[in-house]
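Report on the following structure.
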Amino acid sequence: MGQNATTPIPRAPEVPRPGAGVFRVLLWLVVLGVIYVYGWQVTQINLGELARKAYLITPLLNDLVRPDLIERRPRLQVADAGIGLDGAPAPAPLETRSPGRITLSPAEATIGARVTVSGEGFEPSRPVELVWFDQSGVKTTLGQGVTDAAGRIQATVTVPNVIGTAHHIMVRVVLEGTTLGPSNTVRLTFFRIVETIFLALMGTTLAVVLAVPLSFLGAKNLMARTPIGTAIYYVIRTVFNIARSIEPLILATVFAVWVGIGPFAGVLALGIHSIASLGKLYSEQIESIDPGPIEAITATGASMLQIVRYAVVPQIVPPFIAFTIYRWDINVRMSTVIGFVGGGGVGFLLMQYINLLQWKQAATAVWAITLVVAAMDYLSAAVREKVV
Amino acid sequence: MRGAAVRVEQLTKIYPDGTRALNDISFSVNPGEFLIIIGLSGSGKSTLMRCINRLVEPTAGKVFVDDVEVTALEPDDLRRMRRQIGMIFQQFNLVKRSPVLTNVLAGRLGYVPPAWALYNYFPRDLREQALRHLTTVGIPEKAHTRADQLSGGQQQRVGIARALMQDPKLILADEPVASLDPATSHSVLRYVEDLNRREGTTVMCSMHFLSLARRYGTRLIALKGGEIVYEGLPVEIDERRFKEIFGEEAVEVEIA
């Protein structure tokens, strides 16, 4: 069905005087010039400083490219034996691979009792440390000495005032030479990074649990059918927008005061912020649902549950998952900054290193953050690609 | 399987915004007919189709399918009625992110326990049946492809396979070829025609190409402004009648 319509040829529009256009462009250029000159001054841009003060940053940069990763530690020979208090049986030894071996007599004692520690099979004539290793993992030095020429140890110790019944006495013989291993900074950073990832995970999860139901209330196509629904829609959307506009940094500061400095404050800060951003994304996804499949599945005689499962869920769940993983990725990045204001995680550690001017240690944390963020970025992209 | 008889009595649909989409329409369709409904966009074709299975709730009037008054059915009975009425859509209305096989199996949802949906469970014989229907429409190799990876013609064939899953005694085809090119249109309509000829399934199909209507329809009604302006054999429509239906401006477009 075509149409044979003739449209009148439009008259050419009036050509403006040539001078006016040029004048307007010049005026805009002048205005822009004024804006940028003022901006240059007000932000005190001084490119010369970059070169003149380079000597201040050089040592710092040197440290940043040489992070504290490995350290030399004394080689140790460790052996232990269990000791039972107050009638409890002696627990099994923890370390069994060592060539040295110690025995306790008696192996069952009470607080304040004298226990004889005798051991053999150690390196001869080396310094040795006796340590009480209590049930909760706390180590207390009991005494120090030297192994004899045959590699034996003989000592008498007093059972310290401890809680619990199953403990260990440990012998640590310091050997010649040192070993290379991951530095203490690396271990600390590792634990804090793990904390950061979980901080982001918990914050994101908290947000998902609340954002999913809220997003349905914030979806116009579902809510704007009745006046009450419309009112709820606007309330939810306003809450989302306000919550989203509060920086997680500020939220973290507030929560650090409220629940104390630590990862929990970070979880709450990221959670609140993510509720708003996820809620908005989810709602928009619900709003963009294609009604066609719903109509088609309804027409097959499907029940409400089946319609939701086969026409609604496939349309919203994959994007929900994609948004959520992306948010987790963002939250890992944010949680490092949140640590600076008391939100726990690796950021808190990094801030401490910076405050102590321990740049090599700070470098370790920075590199760890970079690695984890890059890995999360890659992972989340890969998952999103697969899901959507 | 015998096709269904459809009777529409004084059907009227007024939308909340005041649009009168159907105005006191009455007609009937005999079992095994291939009824073509033509008319311009906005003439009420889609509304009429959706009033038959009550995707759109009529304002007044009655619809009977095999002497069961669809317009009087309670929700559960309506679902049992709907599962015998296959529907094919202009935009195919597949669940785009789901595999083709799932889309076809969805046609059977009216017959299976709703709780199965929680596990996305379909018994083996249904899965085999779905694959057979995909073979019927010529795309068995696409069973595990995502629906949105398919071309328009292939998607519409999935839509037909989905309707076949229902063992329908009536097919409502709402402009099934309006989004397809002429060659694909024929291949899609041939599957519908095949179902109509072989199984005796009644077909109500809306379209706006007269050449296709003449080729496939056994009877034709024309809608204009929500009213029936012509009822008769497709071949009887000549240029004068055509202009009556579509207005003086209209020119008939041939589809090879």
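Coordinate-derived values only; no laboratory data. The structure presented is a predicted model; accordingly, all values stated were derived computationally and were not measured. Note: ideal-geometry Cβ built from the backbone for every residue, glycine included; neighbour counts use all protein chains shown.
Is the C-alpha gyration tensor of the range B:1-150 telling us rounded, prolate or oblate? Criteria: a/c under 1.5 is rounded; beyond that, a/b larger than b/c is prolate, otherwise oblate.
In terms of gyration-tensor shape, prolate.
Please report the base-10 log of the normalised intensity I(q)/I(0) for the range A:72-182, using a Debye sum with one equal scatterer per alpha carbon and no solvent, at each q in 0.15, 0.17 (1/Å).
Here log10 of I(q) over I(0) equals -0.61, -0.76.
Mind computing the radius of gyration and Dmax over the alpha-carbon atoms of the range A:14-144? Å is fine for both.
37.5, 111
I'd like the mean, over residues of B:99-106, of how many other protein chain beta carbons sit within 10 Å of each residue's own Cβ.
Other-chain Cβ atoms within 10 Å of each residue's Cβ, averaged: 2.
Straight-line reach from A:Lys360: which aspartates and glutamates have Cα under 15 Å away, leaving out those fewer than 8 places along the same chain?
A:Asp63, A:Asp68, A:Glu71
Can you list the DSSP H helices in chain A whose Cα atoms extend at least 24 Å along the helix axis and whose mean Kyte-Doolittle hydropathy is -1.0 or higher?
Helices meeting the span and hydropathy rule in chain A are A:18-42, A:184-217, A:227-245, A:263-287, A:313-339, A:359-387.
Across the Cα atoms of the range A:15-83, what radius of gyration and what greatest pairwise Cα-Cα distance (Dmax) are found, in Å?
31.2, 102
Which FRET efficiency value, to the nearest 0.05, do you get for B:Leu233 and B:Ala178 by plugging their Cβ-Cβ distance into 1/(1 + (r/R0)^6) with R0 = 22 Å?
Taking R0 as 22 Å, the efficiency between B:Leu233 and B:Ala178 is 0.45.
Give the aspartates and glutamates reachable from B:Lys224 as a straight Cα distance under 12 Å; neighbours fewer than 8 places away on the same chain don't count.
Reachable aspartates and glutamates: B:Glu244.
Just to confirm my numbers, what's the Cα centroid distance between the range A:85-147 and the range A:319-388 in Å?
43 Å
Sorted by mean Cβ packing within 10 Å, highest first, what order do the peptides B:70-78, B:161-169, A:289-297 take?
In descending order of packing, they fall as B:161-169, A:289-297, B:70-78.
Filter the chymotrypsin sites (Phe, Trp or Tyr not before Pro) in the range A:335-366 down to the DSSP loop ones having no more than 11 other Cβ atoms within 10 Å, then list what survives.
none
HN-Hα J couplings of the range A:69-78 from phi, Karplus 6.51/-1.76/1.60, θ = phi - 60°, integer Hz, Gly and Pro as x?
Listing the rounded values in order: 10, 10, 8, 7, 10, x, 7, 10, 10, 10 Hz.
Report relative contact order for chain A in percent, whole number only (criteria: Cα-Cα under 8 Å, sequence separation at least 6).
So the answer I get is 16 percent.
With n ≥ 4 as the cut-off for DSSP H runs, can you work out [θ] at 222 nm for chain B, using -39500 (n - 2.57) per run divided by the number of residues, rounded to the nearest 500?
Value at 222 nm, helices only, nearest 500: -9500 deg cm²/dmol.
Please arrange B:Leu134, A:Leu26 by counting, for each residue, the other beta carbons lying within 10 Å of its beta carbon, fewest first.
In increasing order of surrounding Cβ atoms, one gets A:Leu26, B:Leu134.
In what sequence do B:Arg20, A:Arg327 fall when counting other Cβ within 10 Å, fewest first?
B:Arg20, A:Arg327
When the Karplus curve 6.51 cos²θ - 1.76 cosθ + 1.60 is applied with θ = phi - 60°, which whole-Hz ³J(HN,Hα) does each residue of the range A:98-112 get, with x for Gly and Pro?
Residue by residue, the range A:98-112 yields 5, x, x, 9, 10, 10, 10, 9, x, 8, 10, 8, 10, 4, x Hz.
Which listed residue (A:Ser335, A:Ile294, A:Ala276) has the Cα farthest towards the positive end of the charge dipole for the range A:185-387, taking +1 on Lys and Arg C-beta and -1 on Asp and Glu C-beta about the Cα centre?
The Cα lying farthest towards the positive end belongs to A:Ser335.
Considering only A:Val131, A:Leu64, A:Asn161, whose Cα is most displaced toward the positive end of the charge dipole of the range A:49-190, charges sitting on Cβ of Lys, Arg (+1) and Asp, Glu (-1)?
A:Leu64
Report the local net charge at B:Pro31: Lys and Arg +1, Asp and Glu -1, summed over other residues whose C-beta lies under 12 Å from its C-beta.
After counting each charged neighbour, the total is -1.
What percent do you get for the relative contact order of chain B when only Cα pairs under 8 Å and 6+ apart count?
Computed value for chain B: 28 percent relative contact order.
Taking Cα centroids, how far is the range A:148-170 from the range B:183-251 in Å?
99 Å
With N denoting the number of residues in chain B, provide Rg(C-alpha) divided by 2.2 N^0.38 Å, to two decimal places.
Computed over Cα atoms of chain B, the ratio equals 1.00.
Quick one: if the Förster radius is 60 Å, what FRET efficiency do B:Tyr15 and A:Ala20 give, using the C-beta to C-beta distance and rounding to 0.05?
E between B:Tyr15 and A:Ala20, to the nearest 0.05, is 0.70.
What list of whole percents do you get for P(r) of the protein assembly as shown, with Cα-Cα distances grouped in 10 Å bins up to the one holding the largest distance?
3, 11, 14, 14, 13, 12, 11, 9, 6, 4, 2, 1, 0
What are the principal axis extents of the Cα atoms in the range A:174-252, in Å, biggest first?
The Cα atoms of the range A:174-252 stretch 82, 22, 14 Å along their principal axes.
Residues of A:221-231, mean number of Cβ from any other protein chain within 10 Å of their own Cβ, rounded to a whole number?
0
Evaluate the relative contact order of the range A:72-182 (contact order divided by residue number), counting alpha-carbon pairs under 8 angstrom at least 6 apart; express in whole percent.
Value for the range A:72-182: 38 percent.
Among A:Val259, B:Ile88, B:Thr71, whose Cα projects farthest towards the positive end of the dipole of the protein assembly as shown, with charges put on the beta-carbon of Lys, Arg (+1) and Asp, Glu (-1)?
Among A:Val259, B:Ile88, B:Thr71, the one farthest towards the positive end of the dipole of the protein assembly as shown is A:Val259.
Averaged over A:284-293, how many beta carbons belonging to a partner chain fall within 10 Å of each residue's beta carbon?
Per-residue shielding by partner chains comes out at 3.
In nanometres, what is the gap between the two model label sites at A:Ala149 and A:Val162, each 7 Å from Cα along Cα-to-Cβ?
Result: 3.5 nm between the two label points.
For a quick check: with amide H placed at 1.01 Å from N, whose amide H comes under 5 Å from B:Thr145's, ignoring anything fewer than 5 positions away on the same chain?
Sorted by chain and number, the residues that satisfy this are B:Val100, B:Leu101.
Any lysines with Cα under 30 Å of the B:Lys96 Cα? List them, leaving off those in the same chain fewer than 8 positions away.
A:Lys220, A:Lys280, A:Lys386, B:Lys45, B:Lys142, B:Lys169
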